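Report on the following structure.
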Amino acid sequence: MFHVKQETPAALQFLDEALLEARRQDLFRDRPPPRPKGSPSFCSNDYLALASRACPVPAAPTGAGASRLVAGERAEHVQLERAAADYVMLQDALVFSSGYAANVGLLSSLASSADLIVSDELNHASLIDGARLSRARIEIVPHLDLAAVQRALEAPRAGRAFVVTESYFSMDADAPDLAALRHLCDAHHAALLVDEAHALGVLGPEGRGLCAKAKIHPDALVGTFGKAFGAGGAFVAGCRTLTTWLWNRARPFVFSTGLSPALAAAAAAGVRTAAAESWRREQVAAGAALFRNGLTQLGLRLSGFGHIIPWIVGESAHALGLAEALRMRDIDVRAIRPPSVAVGTARLRFTVTAAHQIADLERAIAVIADISKRGPG
């Protein structure tokens with residue numbers, strides 16, 4: 001009889017050793033327990049509290065059945081792309097299966113070995129991987145350092161140049177000077193690529209992001225539907241020439257089954273809701289201000305602004321202990337450790353969403369105050 005193999009194969013036993021070493025360094029990532037229904041999380045990206053809704057278009061097909069280039073193109077994809085492009089005020093958009101796929105597809109298909117990519121040192125892993133796959137020369141600049149970007153663009157180069165940044169950095173909750181970056185790119189004939197994943201729906205006029213707040217148009221804007229819009233998938237927006245190029249050359253798009261039409265319909269509904277229901281953004285902003293002010297009064301080391309509130313505690317073991325102490329008192333937050341952040345800057349990354357009531361935030365502040373005084377033990 002053929003049985004399920006239980007032990008690690010000899011050829012993969014090196015993984016057991018590597019995982020054990022990660023545990024020793026307090027860098028192992030356990031699977032968190034499922035979150036109870038009705039319990040607001042303090043580490044969710046569901047900023048506008050739309051993810052728990054029932055699917056607004058239950059009749060939409062569950063699967064695309066193929067790559068969109070073959071037989072997977074559906075009306076729901078086209079409608080979602082139109083809604084996304086209109087929301088960020090760009091000509092066109094192309095939907096990907098995830099934000100990671102969108103960033104990797106964008107960078108790996110735009111840049112080539114003769115080109116230069118200027119990348120902020122704290123850019124998301126998907127931007128880093130996309131840049132590497134492009135085989136372009138990568139100039140990593142200090143975080144938010146405009147002078148370093150300028151020096152990189154002024155240096156002699158053989159090919160094109162691309163400046164890559166997030167609009168709202170999700171681990172530090174800070175932002176670049178997008179207007180200044182746009183000016184630098186225009187002055188040096190470089191393209192500006194901006195990932196707005198954590199800003200869209202929440203920040204900027206009508207939640208249209210920080211590019212809209214800065215009154216600039218990036219050459220490519222990446223957004224996700226799995227955060228504020230409460231669904232899944234992502235998009236790259238820009239001119240129609242760009243989306244046509246990505247349709248033909250972005251490998252994560254070309255060689256993937258199209259996004260579920262049901263998910264695309266839910267995402268489009270999320271975009272419409274974000275535009276129409278400003279009270280959700282207002283509730284997030286008010287809650288974030290209350291929570292950040294409360295933690296500031298406790299003397300905690302915080303970073304940035306807005307709905308993401310990082311509490312920087314230093315060592316990974318300390319962050320893990322604090323997260324566990326908070327979990328035991330029904331505060332759902334995770335310890336963020338290397339390689340997601342630099343060594344010595346482990347943190348608890350709190351997020352405030354439209355699901356949080358004032359009572360939830362005030363209770364969390366009181367619990368954090370107690371734990372920070374007594375220690376996680």
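The values are calculated or read from the model by the stated rules, or taken from the named source; none is laboratory data. The structure presented is a predicted model; accordingly, all values stated were derived computationally and were not measured. Because the Cβ atoms are built from the backbone with ideal geometry, glycine has one as well, and the counts that use them run over all protein chains shown. What goes into the accessible areas is simple: the full protein's heavy atoms, side chains included, and nothing from ligands, DNA or RNA. Shrake-Rupley method; radii C 1.70, N 1.55, O 1.52, S 1.80 Å.
Looking across Ala173, Ala212, Ala191, one residue alone is open to solvent by 10 Å² or more (accessible area, probe 1.4 Å), touching a residue at least 60 places away in the same chain (Cβ under 8 Å) and closer than 26 Å to Ala286 by Cα. It is Ala212. Out of Ala54, Ala85, Ala10, report the one residue that is of a type in the set (Gly, Ala, Ser) and open to solvent by less than 40 Å² (accessible area, probe 1.4 Å). Criteria check complete, one pass: Ala85. Checking Ala250, Ala266, Ala288 one by one, the residue that is in contact (Cβ under 8 Å) with a residue 24 or more places away in the chain and touching a helix residue (DSSP H, G or I) at 6+ places or on another chain (Cβ under 8 Å) is Ala250 and no other.
Screening Leu106 on (1) part of a helix (DSSP H, G or I); (2) in contact with a Gly (Cβ under 7 Å, 6 or more places away or on another chain); (3) surrounded by fewer than 24 Cβ atoms within 10 Å (Cβ to Cβ) shows it passes everything except condition (3).
Residues checked against (1) touching a residue at least 24 places away in the same chain (Cβ under 8 Å); (2) in a helix (DSSP H, G or I); (3) farther than 17 Å from Gly287 by Cα; (4) open to solvent by 10 Å² or more (accessible area, probe 1.4 Å):
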residue	(1), (2), (3), (4)
Gly304	yes, no, no, yes
His318	yes, yes, yes, yes
Pro338	yes, no, yes, yes
Val343	no, no, yes, yes
Leu348	yes, no, yes, no
Thr353	yes, no, no, no
Ala366	no, yes, no, yes
Asp370	no, yes, yes, yes
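Scan region 232-259 for residues that are open to solvent by less than 30 Å² (accessible area, probe 1.4 Å) and of a type in the set (Ser, Thr, Tyr) and the total you get is 1.
If you go through region 320-336 and pick out every residue that is open to solvent by 60 Å² or more (accessible area, probe 1.4 Å) and without any contact (Cβ under 8 Å) to a residue 60 or more places away in the chain, you end up with 4.
Quick grid of which residues meet (1) more than 16 Å from Asn103 (Cβ to Cβ); (2) surrounded by fewer than 18 Cβ atoms within 10 Å (Cβ to Cβ); (3) over 22 Å from the mean Cα position of the chain (by Cα); (4) free of Cβ contacts under 8 Å to residues at least 24 places away in the same chain:
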| residue | (1), (2), (3), (4) |
| --- | --- |
| Val149 | yes, no, yes, no |
| Ala161 | yes, no, yes, no |
| Leu178 | yes, no, no, no |
| Glu196 | no, no, no, no |
| Gly201 | yes, no, no, no |
| Gly204 | yes, no, no, yes |
| Val222 | no, no, no, no |
| Gly230 | yes, no, no, no |
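Every condition in (1) within 19 Å of Ala49 (Cβ to Cβ); (2) out of contact with any helix residue (DSSP H, G or I) (no Cβ under 6 Å at 6 or more places or on another chain) holds for Val271 except the one numbered (2). None of Ser41, Ser97, Ser113 is touching a Leu at 6+ places or on another chain (Cβ under 7 Å) and either open to solvent by less than 90 Å² (accessible area, probe 1.4 Å) or farther than 30 Å from Ala317 by Cα (or both) except Ser97.
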